[in-house]
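Student: Questions regarding the structure given below will be posed in turn.
The values are calculated or read from the model by the stated rules, or taken from the named source; none is laboratory data. Bear in mind that the values here come from a model prediction, so they are computed numbers and not experimental data. Neighbour counts run over all protein chains shown; Cβ positions are idealised from the backbone, glycine included. Please note that ligands, DNA and RNA were not included when accessible areas were found on the heavy atoms of the full protein model with its side chains. Shrake-Rupley method; radii C 1.70, N 1.55, O 1.52, S 1.80 Å.
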Amino acid sequence: MESIISLAKRRGFVYQGSEIYGGMAGMYDFGPYGVELLNNIKAAWWKENVQKRENYFGLDSAMFKDPRVWDASGHTTGFSDPLSECKKCNTRIRVDKELEKIGVTADEKMSEEHLNQLFNDNKDKIKCPKCGASDFTPVRSFNLLVKTNMGDFTGENVQPVYLPGEACQGIYLNFKNVVDTTRAKVPFGLAQIGKAFRNEISPRNFLFRTREFEQADTQYFIRPNENKEAYERIKQERFDWYVKMGIKPENLRFKQHENLVFYASDAWDIEYNYPSYGFDEMEGIHDRTDYDLSQHSKFSGVDLSYKDPYTGEKYIPWVLETSAGLGRMLLAFMSDAYTEDIVGDDKRTVLKLSYDLAPIKVAVFPLLKNKPELVAKAREVYDKLKETVRCEFDDNGNIGKRYRRQDEIGTPHCVVIDFDTLTDGTVTVRDRDTTEQKRVAIADLSFAPTRA
Ligand code: ATP
(Lines give C-alpha, C1' and ligand atoms only; values in the text may rest on other atoms or scores of the structure.)
Protein backbone atom coordinates (compact mmCIF):
# COMPACT_ATOMS: atom_id res chain seq x y z
CA MET A 1 0.00 0.00 0.00
CA GLU A 2 2.88 2.37 0.78
CA SER A 3 4.24 1.89 -2.76
CA ILE A 4 0.83 2.58 -4.28
CA ILE A 5 0.27 5.69 -2.17
CA SER A 6 3.73 6.89 -3.07
CA LEU A 7 3.16 6.31 -6.80
CA ALA A 8 -0.25 7.99 -6.59
CA LYS A 9 1.39 11.10 -5.15
CA ARG A 10 4.62 11.06 -7.18
CA ARG A 11 2.87 10.65 -10.50
CA GLY A 12 0.00 13.05 -9.97
CA PHE A 13 -2.90 10.69 -9.28
CA VAL A 14 -3.93 11.63 -5.74
CA TYR A 15 -2.89 14.44 -3.41
CA GLN A 16 -3.73 15.02 0.24
CA GLY A 17 -6.58 17.56 0.47
CA SER A 18 -5.50 21.09 1.52
CA GLU A 19 -1.93 19.87 1.60
CA ILE A 20 -0.26 23.31 1.70
CA TYR A 21 -2.22 24.00 4.90
CA GLY A 22 -0.96 20.84 6.49
CA GLY A 23 -3.56 18.48 5.02
CA MET A 24 -7.15 17.80 6.03
CA ALA A 25 -8.09 14.40 7.45
CA GLY A 26 -10.24 12.23 5.18
CA MET A 27 -9.94 14.53 2.15
CA TYR A 28 -8.11 13.82 -1.09
CA ASP A 29 -7.75 15.66 -4.38
CA PHE A 30 -7.36 13.88 -7.68
CA GLY A 31 -4.48 15.13 -9.82
CA PRO A 32 -4.11 15.13 -13.62
CA TYR A 33 -3.86 11.34 -13.99
CA GLY A 34 -6.17 10.58 -11.07
CA VAL A 35 -9.00 12.56 -12.59
CA GLU A 36 -8.54 10.81 -15.94
CA LEU A 37 -8.64 7.43 -14.20
CA LEU A 38 -11.66 8.45 -12.14
CA ASN A 39 -13.51 9.72 -15.22
CA ASN A 40 -12.68 6.51 -17.08
CA ILE A 41 -14.03 4.39 -14.21
CA LYS A 42 -17.21 6.47 -14.21
CA ALA A 43 -17.55 6.22 -18.00
CA ALA A 44 -17.04 2.43 -17.95
CA TRP A 45 -19.52 2.07 -15.09
CA TRP A 46 -22.06 4.26 -16.89
CA LYS A 47 -21.63 2.35 -20.11
CA GLU A 48 -22.23 -0.95 -18.32
CA ASN A 49 -25.13 0.20 -16.15
CA VAL A 50 -26.97 2.69 -18.37
CA GLN A 51 -25.85 2.61 -21.99
CA LYS A 52 -25.95 -1.17 -22.35
CA ARG A 53 -29.26 -1.67 -20.53
CA GLU A 54 -32.48 -0.89 -22.27
CA ASN A 55 -34.41 -0.46 -19.02
CA TYR A 56 -31.90 1.62 -17.03
CA PHE A 57 -31.82 5.43 -17.07
CA GLY A 58 -29.45 8.00 -15.64
CA LEU A 59 -30.08 10.85 -13.20
CA ASP A 60 -28.16 13.66 -11.62
CA SER A 61 -30.04 15.03 -8.63
CA ALA A 62 -29.19 18.10 -6.56
CA MET A 63 -26.93 17.54 -3.60
CA PHE A 64 -28.98 19.68 -1.25
CA LYS A 65 -32.32 18.16 -0.42
CA ASP A 66 -35.27 19.00 1.76
CA PRO A 67 -34.14 18.09 5.30
CA ARG A 68 -37.17 15.80 5.66
CA VAL A 69 -35.56 13.49 3.11
CA TRP A 70 -33.03 12.46 5.74
CA ASP A 71 -35.77 11.96 8.33
CA ALA A 72 -37.62 9.69 5.91
CA SER A 73 -34.48 7.73 5.06
CA GLY A 74 -33.70 7.23 8.74
CA HIS A 75 -30.39 9.09 8.59
CA THR A 76 -31.18 11.84 11.12
CA THR A 77 -31.94 9.28 13.80
CA GLY A 78 -30.14 6.09 12.80
CA PHE A 79 -27.10 7.03 10.72
CA SER A 80 -24.53 6.87 13.44
CA ASP A 81 -21.38 5.07 14.39
CA PRO A 82 -20.37 4.06 17.93
CA LEU A 83 -17.56 6.31 19.13
CA SER A 84 -15.15 6.05 22.04
CA GLU A 85 -12.07 8.05 22.94
CA CYS A 86 -8.72 6.91 24.28
CA LYS A 87 -8.39 8.49 27.73
CA LYS A 88 -4.65 8.76 27.36
CA CYS A 89 -4.19 10.44 23.97
CA ASN A 90 -7.78 11.39 23.00
CA THR A 91 -7.68 9.38 19.77
CA ARG A 92 -11.22 8.53 18.64
CA ILE A 93 -12.02 5.01 17.64
CA ARG A 94 -14.98 3.44 15.86
CA VAL A 95 -15.99 0.77 18.33
CA ASP A 96 -17.75 -1.61 15.90
CA LYS A 97 -14.69 -1.68 13.61
CA GLU A 98 -12.28 -2.25 16.54
CA LEU A 99 -14.49 -5.10 17.81
CA GLU A 100 -14.61 -6.55 14.29
CA LYS A 101 -10.78 -6.65 14.23
CA ILE A 102 -10.80 -9.02 17.22
CA GLY A 103 -13.59 -11.14 15.74
CA VAL A 104 -16.53 -9.70 17.69
CA THR A 105 -19.59 -8.57 15.75
CA ALA A 106 -21.54 -5.57 17.02
CA ASP A 107 -25.12 -5.72 15.80
CA GLU A 108 -26.18 -2.46 14.09
CA LYS A 109 -29.44 -2.55 16.05
CA MET A 110 -27.67 -2.90 19.39
CA SER A 111 -28.58 -0.34 22.06
CA GLU A 112 -25.87 1.96 23.40
CA GLU A 113 -26.07 0.13 26.73
CA HIS A 114 -25.63 -3.28 25.15
CA LEU A 115 -22.75 -2.04 23.00
CA ASN A 116 -21.03 -0.58 26.07
CA GLN A 117 -21.37 -3.96 27.74
CA LEU A 118 -19.82 -5.73 24.74
CA PHE A 119 -17.04 -3.12 24.55
CA ASN A 120 -16.29 -3.45 28.27
CA ASP A 121 -16.16 -7.23 28.02
CA ASN A 122 -13.50 -6.93 25.32
CA LYS A 123 -11.72 -3.76 26.39
CA ASP A 124 -8.47 -5.49 27.31
CA LYS A 125 -8.12 -6.86 23.80
CA ILE A 126 -8.64 -3.47 22.13
CA LYS A 127 -5.66 -1.17 21.93
CA CYS A 128 -5.62 2.50 20.97
CA PRO A 129 -4.24 2.60 17.40
CA LYS A 130 -2.10 5.63 18.33
CA CYS A 131 -0.67 5.05 21.82
CA GLY A 132 -1.52 1.39 22.50
CA ALA A 133 -3.40 2.05 25.76
CA SER A 134 -6.57 0.16 26.65
CA ASP A 135 -8.40 2.84 28.57
CA PHE A 136 -11.42 4.29 26.79
CA THR A 137 -14.41 6.54 27.46
CA PRO A 138 -17.92 5.01 27.33
CA VAL A 139 -19.33 4.36 23.88
CA ARG A 140 -21.73 6.92 22.45
CA SER A 141 -23.48 7.20 19.12
CA PHE A 142 -22.13 9.77 16.73
CA ASN A 143 -24.32 10.89 13.81
CA LEU A 144 -22.44 10.96 10.51
CA LEU A 145 -24.54 13.49 8.61
CA VAL A 146 -22.73 16.73 7.77
CA LYS A 147 -24.81 19.83 8.49
CA THR A 148 -24.71 23.05 6.47
CA ASN A 149 -26.17 26.53 6.86
CA MET A 150 -27.71 26.53 3.37
CA GLY A 151 -30.49 29.12 3.23
CA ASP A 152 -30.09 29.90 6.92
CA PHE A 153 -29.63 33.67 6.92
CA THR A 154 -30.51 34.28 10.54
CA GLY A 155 -28.47 31.52 12.15
CA GLU A 156 -31.64 30.27 13.85
CA ASN A 157 -32.37 27.36 11.58
CA VAL A 158 -33.89 24.59 13.64
CA GLN A 159 -33.65 21.91 10.98
CA PRO A 160 -30.34 22.16 9.16
CA VAL A 161 -29.92 21.26 5.51
CA TYR A 162 -27.53 18.34 5.27
CA LEU A 163 -24.97 17.33 2.72
CA PRO A 164 -25.94 13.95 1.26
CA GLY A 165 -24.97 11.01 3.49
CA GLU A 166 -25.51 8.76 0.47
CA ALA A 167 -26.14 9.44 -3.20
CA CYS A 168 -29.17 7.20 -3.72
CA GLN A 169 -31.85 9.36 -2.08
CA GLY A 170 -32.04 11.57 -5.18
CA ILE A 171 -33.10 8.50 -7.13
CA TYR A 172 -36.05 7.75 -4.85
CA LEU A 173 -37.10 11.41 -4.97
CA ASN A 174 -37.28 11.25 -8.75
CA PHE A 175 -38.91 7.84 -9.15
CA LYS A 176 -42.32 9.39 -9.81
CA ASN A 177 -40.91 12.06 -12.13
CA VAL A 178 -39.28 9.42 -14.29
CA VAL A 179 -42.40 7.24 -14.41
CA ASP A 180 -44.56 10.25 -15.28
CA THR A 181 -42.31 11.73 -17.94
CA THR A 182 -40.57 8.82 -19.68
CA ARG A 183 -41.46 5.39 -21.00
CA ALA A 184 -39.84 3.64 -18.03
CA LYS A 185 -41.94 0.72 -16.80
CA VAL A 186 -41.31 -1.51 -13.81
CA PRO A 187 -38.98 -3.34 -13.72
CA PHE A 188 -36.54 -0.56 -14.51
CA GLY A 189 -33.40 0.90 -13.01
CA LEU A 190 -32.12 4.37 -12.27
CA ALA A 191 -28.44 5.12 -12.02
CA GLN A 192 -26.59 8.04 -10.50
CA ILE A 193 -23.04 8.96 -9.66
CA GLY A 194 -23.04 11.46 -6.84
CA LYS A 195 -21.08 12.83 -3.93
CA ALA A 196 -21.60 11.68 -0.37
CA PHE A 197 -20.31 13.18 2.86
CA ARG A 198 -19.91 11.42 6.16
CA ASN A 199 -18.43 12.71 9.35
CA GLU A 200 -16.33 9.55 9.68
CA ILE A 201 -14.86 9.16 13.15
CA SER A 202 -11.57 7.82 11.94
CA PRO A 203 -10.88 8.32 8.24
CA ARG A 204 -8.17 5.84 7.35
CA ASN A 205 -6.49 3.71 4.74
CA PHE A 206 -6.00 6.40 2.11
CA LEU A 207 -9.03 6.54 -0.22
CA PHE A 208 -10.78 3.70 1.58
CA ARG A 209 -12.47 5.73 4.29
CA THR A 210 -12.76 9.41 3.54
CA ARG A 211 -15.19 12.10 4.68
CA GLU A 212 -16.08 13.16 1.14
CA PHE A 213 -16.45 10.55 -1.58
CA GLU A 214 -18.42 9.64 -4.65
CA GLN A 215 -20.83 6.78 -5.02
CA ALA A 216 -21.99 5.06 -8.19
CA ASP A 217 -25.48 3.74 -7.46
CA THR A 218 -28.19 1.83 -9.25
CA GLN A 219 -31.66 1.30 -7.88
CA TYR A 220 -33.70 -1.34 -9.68
CA PHE A 221 -37.45 -1.00 -9.14
CA ILE A 222 -39.32 -4.29 -9.25
CA ARG A 223 -42.72 -5.81 -8.46
CA PRO A 224 -43.09 -6.84 -4.82
CA ASN A 225 -41.64 -10.27 -4.03
CA GLU A 226 -39.95 -10.60 -7.41
CA ASN A 227 -36.61 -9.92 -5.80
CA LYS A 228 -34.76 -13.22 -5.46
CA GLU A 229 -33.79 -14.01 -9.03
CA ALA A 230 -33.04 -10.41 -10.00
CA TYR A 231 -30.95 -9.96 -6.86
CA GLU A 232 -28.76 -12.98 -7.65
CA ARG A 233 -28.35 -11.81 -11.24
CA ILE A 234 -27.38 -8.27 -10.25
CA LYS A 235 -24.88 -9.53 -7.65
CA GLN A 236 -23.14 -11.68 -10.24
CA GLU A 237 -23.19 -8.95 -12.90
CA ARG A 238 -21.48 -6.51 -10.57
CA PHE A 239 -18.81 -9.08 -9.64
CA ASP A 240 -18.20 -9.96 -13.30
CA TRP A 241 -17.83 -6.29 -14.25
CA TYR A 242 -14.85 -5.88 -11.93
CA VAL A 243 -13.23 -8.92 -13.50
CA LYS A 244 -13.95 -7.60 -16.98
CA MET A 245 -12.34 -4.30 -16.03
CA GLY A 246 -9.15 -6.12 -15.09
CA ILE A 247 -9.36 -7.09 -11.40
CA LYS A 248 -8.03 -10.56 -10.64
CA PRO A 249 -10.94 -12.75 -9.52
CA GLU A 250 -8.92 -14.09 -6.58
CA ASN A 251 -8.82 -10.55 -5.18
CA LEU A 252 -12.62 -10.32 -5.10
CA ARG A 253 -15.14 -12.06 -2.93
CA PHE A 254 -18.73 -11.80 -1.78
CA LYS A 255 -19.57 -11.31 1.86
CA GLN A 256 -23.08 -11.53 3.23
CA HIS A 257 -24.12 -9.07 5.96
CA GLU A 258 -24.68 -10.85 9.23
CA ASN A 259 -26.92 -8.15 10.65
CA LEU A 260 -29.56 -6.76 8.36
CA VAL A 261 -31.28 -3.42 8.91
CA PHE A 262 -34.91 -4.19 9.75
CA TYR A 263 -36.33 -3.47 6.28
CA ALA A 264 -33.67 -5.27 4.23
CA SER A 265 -34.34 -8.72 2.91
CA ASP A 266 -30.72 -9.47 2.02
CA ALA A 267 -27.41 -7.60 1.78
CA TRP A 268 -24.03 -8.60 0.37
CA ASP A 269 -20.78 -6.77 -0.18
CA ILE A 270 -18.29 -7.25 -2.95
CA GLU A 271 -14.98 -7.10 -1.13
CA TYR A 272 -11.58 -6.37 -2.61
CA ASN A 273 -8.34 -7.69 -1.19
CA TYR A 274 -6.68 -4.32 -0.46
CA PRO A 275 -2.90 -4.49 0.01
CA SER A 276 -1.82 -4.27 3.67
CA TYR A 277 -5.27 -4.54 5.21
CA GLY A 278 -6.92 -7.32 3.22
CA PHE A 279 -10.49 -7.96 2.09
CA ASP A 280 -12.91 -5.12 2.77
CA GLU A 281 -16.08 -3.68 1.27
CA MET A 282 -15.88 -2.05 -2.15
CA GLU A 283 -19.54 -2.25 -3.15
CA GLY A 284 -22.77 -2.99 -1.33
CA ILE A 285 -25.68 -4.83 -2.97
CA HIS A 286 -28.87 -4.46 -1.00
CA ASP A 287 -32.33 -5.95 -1.28
CA ARG A 288 -34.29 -3.09 0.29
CA THR A 289 -37.93 -4.20 -0.17
CA ASP A 290 -40.43 -1.29 -0.37
CA TYR A 291 -38.83 0.68 2.46
CA ASP A 292 -37.52 3.67 0.53
CA LEU A 293 -40.55 4.54 -1.57
CA SER A 294 -42.90 3.80 1.36
CA GLN A 295 -40.97 6.11 3.65
CA HIS A 296 -40.90 8.93 1.12
CA SER A 297 -44.62 8.46 0.45
CA LYS A 298 -45.26 8.74 4.17
CA PHE A 299 -43.02 11.73 4.84
CA SER A 300 -43.83 13.74 1.70
CA GLY A 301 -47.52 12.91 1.56
CA VAL A 302 -47.15 12.05 -2.14
CA ASP A 303 -48.28 8.61 -3.18
CA LEU A 304 -45.29 6.93 -4.81
CA SER A 305 -47.08 3.73 -5.68
CA TYR A 306 -46.86 2.51 -9.25
CA LYS A 307 -49.79 1.58 -11.43
CA ASP A 308 -49.05 -1.20 -13.86
CA PRO A 309 -50.14 0.16 -17.28
CA TYR A 310 -51.17 -3.31 -18.50
CA THR A 311 -52.91 -4.89 -15.49
CA GLY A 312 -53.93 -1.79 -13.55
CA GLU A 313 -52.34 -3.32 -10.45
CA LYS A 314 -51.09 -0.72 -7.94
CA TYR A 315 -48.14 -1.28 -5.63
CA ILE A 316 -45.08 0.30 -4.04
CA PRO A 317 -42.13 -1.13 -5.99
CA TRP A 318 -39.36 -2.93 -4.19
CA VAL A 319 -35.79 -1.80 -4.70
CA LEU A 320 -32.58 -3.68 -5.40
CA GLU A 321 -29.62 -1.39 -4.86
CA THR A 322 -25.98 -1.47 -5.90
CA SER A 323 -23.75 1.17 -4.33
CA ALA A 324 -20.02 1.44 -4.92
CA GLY A 325 -17.53 4.05 -3.74
CA LEU A 326 -15.49 5.51 -6.59
CA GLY A 327 -12.48 6.07 -4.31
CA ARG A 328 -12.51 2.46 -3.13
CA MET A 329 -12.85 1.33 -6.74
CA LEU A 330 -9.99 3.54 -7.90
CA LEU A 331 -7.78 2.24 -5.11
CA ALA A 332 -8.68 -1.35 -6.02
CA PHE A 333 -8.00 -0.81 -9.72
CA MET A 334 -4.65 0.83 -8.96
CA SER A 335 -3.68 -1.85 -6.44
CA ASP A 336 -4.57 -4.68 -8.76
CA ALA A 337 -2.70 -3.11 -11.65
CA TYR A 338 0.41 -2.27 -9.63
CA THR A 339 3.27 -4.52 -10.77
CA GLU A 340 7.00 -4.54 -10.31
CA ASP A 341 8.93 -6.51 -12.90
CA ILE A 342 12.30 -6.68 -14.63
CA VAL A 343 12.86 -5.49 -18.19
CA GLY A 344 16.36 -6.27 -19.44
CA ASP A 345 18.46 -5.45 -16.39
CA ASP A 346 16.10 -2.81 -15.07
CA LYS A 347 13.49 -3.05 -12.40
CA ARG A 348 10.39 -1.20 -13.43
CA THR A 349 7.05 -0.29 -11.89
CA VAL A 350 4.11 -0.69 -14.20
CA LEU A 351 0.41 -0.04 -13.74
CA LYS A 352 -1.27 -2.74 -15.80
CA LEU A 353 -4.60 -0.95 -16.00
CA SER A 354 -7.08 -2.15 -18.59
CA TYR A 355 -7.08 -0.09 -21.78
CA ASP A 356 -10.41 1.52 -20.93
CA LEU A 357 -9.23 2.71 -17.53
CA ALA A 358 -5.73 3.88 -18.47
CA PRO A 359 -5.52 7.68 -17.99
CA ILE A 360 -3.43 8.09 -21.15
CA LYS A 361 -3.99 5.62 -23.99
CA VAL A 362 -0.99 6.54 -26.15
CA ALA A 363 2.24 8.48 -25.66
CA VAL A 364 4.02 9.86 -28.70
CA PHE A 365 7.80 10.40 -28.66
CA PRO A 366 10.29 11.70 -31.19
CA LEU A 367 13.36 9.46 -30.85
CA LEU A 368 15.59 12.49 -30.39
CA LYS A 369 14.63 15.86 -29.03
CA ASN A 370 17.19 17.86 -30.97
CA LYS A 371 16.14 16.71 -34.45
CA PRO A 372 13.47 19.18 -35.59
CA GLU A 373 12.26 16.90 -38.39
CA LEU A 374 11.56 14.08 -35.88
CA VAL A 375 9.87 16.44 -33.45
CA ALA A 376 7.70 17.92 -36.22
CA LYS A 377 6.63 14.47 -37.41
CA ALA A 378 5.91 13.34 -33.85
CA ARG A 379 3.77 16.44 -33.30
CA GLU A 380 1.87 15.63 -36.48
CA VAL A 381 1.13 12.09 -35.23
CA TYR A 382 0.19 13.40 -31.78
CA ASP A 383 -2.18 15.99 -33.28
CA LYS A 384 -3.90 13.25 -35.27
CA LEU A 385 -4.29 10.83 -32.34
CA LYS A 386 -5.47 13.39 -29.83
CA GLU A 387 -8.67 13.81 -31.83
CA THR A 388 -9.73 10.33 -30.71
CA VAL A 389 -7.99 9.44 -27.44
CA ARG A 390 -6.26 11.08 -24.51
CA CYS A 391 -2.61 11.02 -25.47
CA GLU A 392 0.61 12.66 -24.42
CA PHE A 393 3.57 14.13 -26.26
CA ASP A 394 6.93 13.67 -24.57
CA ASP A 395 10.41 14.56 -25.74
CA ASN A 396 11.96 14.89 -22.30
CA GLY A 397 15.02 12.89 -21.27
CA ASN A 398 16.10 9.67 -22.92
CA ILE A 399 13.66 7.22 -24.42
CA GLY A 400 14.12 4.67 -21.60
CA LYS A 401 13.07 7.25 -19.03
CA ARG A 402 10.05 8.20 -21.09
CA TYR A 403 8.95 4.54 -21.26
CA ARG A 404 9.36 4.17 -17.46
CA ARG A 405 7.23 7.23 -16.83
CA GLN A 406 4.45 5.98 -19.09
CA ASP A 407 4.68 2.50 -17.56
CA GLU A 408 4.17 3.99 -14.12
CA ILE A 409 1.03 5.83 -15.15
CA GLY A 410 -0.27 2.80 -17.04
CA THR A 411 -0.12 4.02 -20.67
CA PRO A 412 -0.81 0.93 -22.82
CA HIS A 413 1.02 2.14 -25.95
CA CYS A 414 4.03 4.30 -26.78
CA VAL A 415 4.57 5.43 -30.36
CA VAL A 416 8.11 6.37 -31.38
CA ILE A 417 8.97 8.45 -34.42
CA ASP A 418 12.48 7.70 -35.71
CA PHE A 419 14.51 8.28 -38.85
CA ASP A 420 12.77 5.43 -40.74
CA THR A 421 9.46 7.23 -40.15
CA LEU A 422 10.69 10.06 -42.32
CA THR A 423 11.37 7.77 -45.25
CA ASP A 424 8.77 4.97 -45.00
CA GLY A 425 5.98 6.52 -42.90
CA THR A 426 6.10 3.81 -40.21
CA VAL A 427 6.53 4.16 -36.42
CA THR A 428 7.25 1.73 -33.61
CA VAL A 429 4.41 0.93 -31.26
CA ARG A 430 5.51 -0.45 -27.90
CA ASP A 431 3.23 -2.53 -25.75
CA ARG A 432 3.30 -1.62 -22.03
CA ASP A 433 2.93 -5.15 -20.64
CA THR A 434 5.14 -7.19 -22.99
CA THR A 435 7.43 -4.24 -23.97
CA GLU A 436 7.31 -5.71 -27.49
CA GLN A 437 7.69 -3.25 -30.32
CA LYS A 438 5.99 -3.47 -33.70
CA ARG A 439 6.39 -1.32 -36.79
CA VAL A 440 3.14 0.13 -37.94
CA ALA A 441 2.30 2.56 -40.76
CA ILE A 442 1.10 5.93 -39.46
CA ALA A 443 -1.98 5.54 -41.65
CA ASP A 444 -2.83 2.32 -39.75
CA LEU A 445 -2.46 3.78 -36.25
CA SER A 446 -5.82 3.48 -34.65
CA PHE A 447 -6.72 3.57 -30.98
CA ALA A 448 -10.31 3.16 -29.87
CA PRO A 449 -11.68 5.61 -27.29
CA THR A 450 -12.89 2.59 -25.29
CA ARG A 451 -12.98 -1.13 -25.92
CA ALA A 452 -15.16 -2.74 -23.26
P1 ATP B 1 -18.55 0.92 5.86
O2 ATP B 1 -19.20 -0.23 6.58
O3 ATP B 1 -17.18 0.60 5.30
O4 ATP B 1 -18.59 2.21 6.62
P5 ATP B 1 -21.04 1.26 4.54
O6 ATP B 1 -21.59 -0.12 4.62
O7 ATP B 1 -21.50 2.31 5.46
O8 ATP B 1 -19.43 1.20 4.54
P9 ATP B 1 -22.60 2.01 2.30
O10 ATP B 1 -23.40 2.99 3.06
O11 ATP B 1 -23.24 0.71 1.91
O12 ATP B 1 -21.22 1.75 3.05
O13 ATP B 1 -22.04 2.76 1.02
C14 ATP B 1 -21.86 2.14 -0.24
C15 ATP B 1 -20.43 2.26 -0.69
O16 ATP B 1 -19.92 3.59 -0.51
C17 ATP B 1 -19.45 1.39 0.08
O18 ATP B 1 -19.46 0.07 -0.42
C19 ATP B 1 -18.14 2.10 -0.17
O20 ATP B 1 -17.58 1.70 -1.43
C21 ATP B 1 -18.53 3.55 -0.25
N22 ATP B 1 -18.22 4.21 1.02
C23 ATP B 1 -18.96 4.22 2.15
N24 ATP B 1 -18.36 4.96 3.10
C25 ATP B 1 -17.21 5.44 2.55
C26 ATP B 1 -16.17 6.28 3.03
N27 ATP B 1 -16.20 6.80 4.23
N28 ATP B 1 -15.13 6.57 2.19
C29 ATP B 1 -15.09 6.06 0.94
N30 ATP B 1 -16.07 5.27 0.45
C31 ATP B 1 -17.11 4.96 1.23
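Student: From the backbone phi of the stretch 207-223, what are the Karplus-calculated ³J(HN,Hα) couplings (6.51 cos²θ - 1.76 cosθ + 1.60, θ = phi - 60°) in whole Hz, Gly and Pro given as x?
Tutor: Listing the rounded values in order: 7, 5, 10, 10, 8, 10, 7, 10, 10, 10, 10, 10, 10, 9, 8, 10, 5 Hz.
Student: Under the rule of at least 5 residues apart or a separate chain, name every residue whose amide H is placed under 5 Å from the amide H of E214.
Tutor: Close amide H contacts, sequence-distant or interchain: A196, L326, G327.
Student: In whole percent, and with a 1.4 Å probe on the protein chains, what portion of the accessible area of the stretch 80-143 is carbon and sulfur? Before the final figure, lay out the partial values.
Tutor: Details: 1640 of 3800 Å².
Roughly 43 percent of what the probe reaches on the stretch 80-143 is carbon or sulfur.
Student: While we're here: Put +1 on the Cβ of every Lys and Arg and -1 on every Asp and Glu Cβ in the chain; which of L330, F64, V243 then has its Cα farthest towards the positive end of the dipole?
Tutor: It is L330, whose Cα lies furthest towards the positive end.
Student: Let me ask you something else. Which of the lysines could be linked to K377 by a straight reach, that is with a Cα gap under 17 Å, when you skip same-chain ones fewer than 8 residues away?
Tutor: Within reach: K369, K386.
Student: Could you tell me the accessible area of H114 in Å² (1.4 Å probe, neighbours in place), rounded to the nearest ten?
Tutor: 100
Student: How large is ³J(HN,Hα) for each residue in the stretch 263-275, as worked out from phi by the Karplus curve 6.51 cos²θ - 1.76 cosθ + 1.60 (θ = phi - 60°), to whole Hz, x for Gly and Pro?
Tutor: 8, 6, 9, 6, 8, 10, 10, 9, 9, 10, 7, 5, x
Student: Give the accessible surface of the stretch 80-143 per residue, rounded to a whole number of Å², with probe radius 1.4 Å and ligands, DNA and RNA excluded.
Tutor: On the way: 3800 Å² over 64 residues.
Per residue, the stretch 80-143 has an accessible area of 59 Å².
Student: Here is a further query. Beyond 23 Å between alpha-carbons counts as too far, so tell me which of K65/K195; K147/K176; K352/K401; K47/K185; K47/K195; K42/K401 fall in that bin. Please list the in-between numbers first.
Tutor: Values: K65/K195 13 Å; K147/K176 27 Å; K352/K401 18 Å; K47/K185 21 Å; K47/K195 19 Å; K42/K401 31 Å.
K147/K176; K42/K401, as the Cα separations exceed 23 Å there.
Student: If you don't mind, another one. Could you work out Rg/(2.2 N^0.38 Å) for the stretch 303-350, with Rg from alpha carbons only? Before the final figure, lay out the partial values.
Tutor: Values: Rg = 24.6 Å, N = 48, 2.2 N^0.38 = 9.6 Å.
Expressed relative to 2.2 N^0.38 Å, the Cα Rg reads 2.57.
Student: For I409, what charge total do you get from the other residues with a beta carbon under 12 Å from its beta carbon, if Lys and Arg give +1 and Asp and Glu give -1? List each step's numbers first, then the result.
Tutor: Details: positive: R10, R11, K352, K361, R390, R402, R404, R405, R432; negative: E36, E392, D394, D407, E408.
Residues close to I409 contribute a combined charge of +4.
Student: So what's the convex hull volume per residue for the Cα atoms of the chain, in Å³?
Tutor: On the way: hull volume 87.9 nm³, N = 452.
Spelled out: Cα convex hull of the chain, divided by residues, is 194 Å³.
Student: Below 8 Å between Cα atoms, with a sequence gap of 6+, how large is the relative contact order for the chain in percent?
Tutor: Working: 829 pairs, mean separation 60.2, N = 452.
Over the chain, the number comes to 13 percent.
Student: Further question on the same structure: If exposed means no more than 10 neighbouring beta carbons inside 10 Å and the site is in a DSSP loop, what's the longest run of the chain without any exposed chymotrypsin sites (Phe, Trp or Tyr not before Pro)? Could the numbers behind the result be given before it?
Tutor: On the way: sites that count: F153, F262, Y310.
Between the exposed loop sites, the longest stretch runs 1-152.
Student: If you average the C-alpha positions of the stretch 293-343 and of the stretch 36-71 separately, how far apart do those two centres end up, in angstrom?
Tutor: Spelled out, the Cα-based centre of one part sits 9 Å from the other.
Student: With a ≥ b ≥ c the root eigenvalues of the C-alpha gyration tensor of the stretch 360-444, is it rounded (a/c under 1.5), prolate (a/b larger than b/c) or oblate? Walk me through the intermediate numbers first.
Tutor: Details: a/c = 1.38, a/b = 1.25, b/c = 1.10.
Rounded, because the longest to shortest axis ratio a/c is under 1.5.
Student: Counting only DSSP beta bridges with both residues in the chain, what percent are antiparallel, rounded to the nearest 5?
Tutor: Details: 68 of 79 bridges.
The answer is about 85 percent antiparallel.
Student: Ignoring ligands and nucleic acids, what accessible area does E392 show with a 1.4 Å probe (Å², nearest 10)?
Tutor: 30
Student: How high is the relative contact order of the stretch 80-143? Use alpha-carbon pairs under 8 Å, at least six apart in sequence, and give a whole percent.
Tutor: 49
Student: Based solely on its DSSP helices, what 222 nm [θ] is calculated for the chain when runs of n ≥ 4 H residues each add -39,500 (n - 2.57) and the sum is averaged over all residues, nearest 500 deg cm²/dmol? Walk me through the numbers before you get to the answer.
Tutor: Values: 14 runs with 133 residues, N = 452.
Calculated from helices alone, the mean residue ellipticity at 222 nm is -8500 deg cm²/dmol.
Student: Return the inverse of the average 1/r over all pairs of distinct C-alpha atoms in the stretch 12-119, which is the Kirkwood hydrodynamic radius, in Å to one decimal.
Tutor: On the way: mean 1/r = 0.0536 Å⁻¹.
Roughly 18.7 Å, rounded to one decimal.
Student: Something else: Among all helices in the chain defined by DSSP H, which have a length of 18 Å or more along the axis from Cα atoms plus a Kyte-Doolittle mean of at least 0.0?
Tutor: Values: long enough: 32-46 (21 Å, 0.03); 228-244 (24 Å, -1.67); 372-385 (20 Å, -0.44).
Those that clear 18 Å and a mean of 0.0 are 32-46.
Student: Using the beta-carbon distance between K9 and T311 and R0 = 51 Å, what value does 1/(1 + (r/R0)^6) give for FRET efficiency, to the nearest 0.05?
Tutor: Details: r = 58 Å, r/R0 = 1.13.
It comes out at approximately 0.30.
Student: Let me ask something else about it. Which whole-angstrom value gives the distance between the alpha carbon centres of the stretch 121-164 and the stretch 377-432?
Tutor: 51
Student: Pairs of alpha-carbon atoms within less than 8 angstrom and 6+ residues apart define the contacts here; what relative contact order does the stretch 360-444 have, in percent? Please list the in-between numbers first.
Tutor: On the way: 147 pairs, mean separation 26.1, N = 85.
The normalised contact order for the stretch 360-444 reaches 31 percent.
Student: Counting other Cβ atoms within 10 Å, keep those with at most 14, restrict to DSSP loop, and tell me which GluC sites (Glu not before Pro) in the stretch 311-348 are left.
Tutor: Numbers: sites: E313, E321, E340; in loops: E313.
Those satisfying the criteria are E313.
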